[in-house]
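Reviewing the structure listed below.
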Ligand code: BEZ
């Protein structure tokens, strides 16, 4: 069955380029990103894996641990890692899970048979520190993901988890945020100091972070 927002992310133990990992204990108290790619030694995937490696300081700054996955064997992952570094200048610095028997791919419903009956699609799961799924994304094989957008979404998820706010369309960090409707005007004043009331249900206040 498909994984839904709020579900506990299924745990698994698997071989990876960083050795054997147990997913939940690897994540510990961090946020997590689990993302699949269709196949090693393919062009779009090479650019994606290098981009994720290049973004290491951004994941760290947000307390996010990243795990990649495909159904290729571990020997292929190790052999491909050199190409990723050659092409993108970034060595793999996160575990890339080998899932040749598709155990994890099936747990996370990463194979969409009407797209391809053997390869994983480009799935993304953002997992919060309670191990609950906070966001899912699915891209087709031919479209590389925008990892800056993933960082932007994580910035929103982390704010909305901690503060009584939501983020509007096209929000980026530093933009005003929305006071959630369950907060009264009196509570909003106490929490945020000031806010702008555009409609009774639409109140904006300064980004509570930084
Ligand atoms: C790629 O990474 O370029 C790719 C992988 C599978 C199918 C199509 C493209």
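Things to note:
- R0 of 30 Å, Cβ-Cβ distance residue 103-residue 169: FRET efficiency to nearest 0.05: 0.20
- Using the alpha-carbon positions of the stretch 163-205, Rg (one decimal) and Dmax (whole number) come out as 9.7, 28 Å.
- The calculated 222 nm mean residue ellipticity attributable to helices in the chain amounts to -9000 deg cm²/dmol, summing -39500 (n - 2.57) over DSSP H runs of n ≥ 4 and dividing by all residues.
- The angle separating the long axis of helix 147-162 from the principal Cα axis of greatest extent in the chain is about 50 degrees.
- Three-way shape label, the stretch 92-210, alpha-carbon gyration tensor, a/c 1.5: prolate
- The chain, relative contact order [Cα under 8 Å, separation at least 6], %: 21 percent
- Stokes-Einstein diffusion coefficient of the chain, Kirkwood radius over Cα pairs, 4 °C, 1.567 mPa s, in µm²/s: 70 µm²/s
Every read-out reported here was derived from the displayed coordinates using simple, explicitly stated rules and does not represent laboratory data. Fair warning: this is a prediction, and the values are worked out from it, not measured in the lab. Ideal geometry is used to build each Cβ from the backbone, glycine not excepted, and the neighbour counts take in all protein chains shown.
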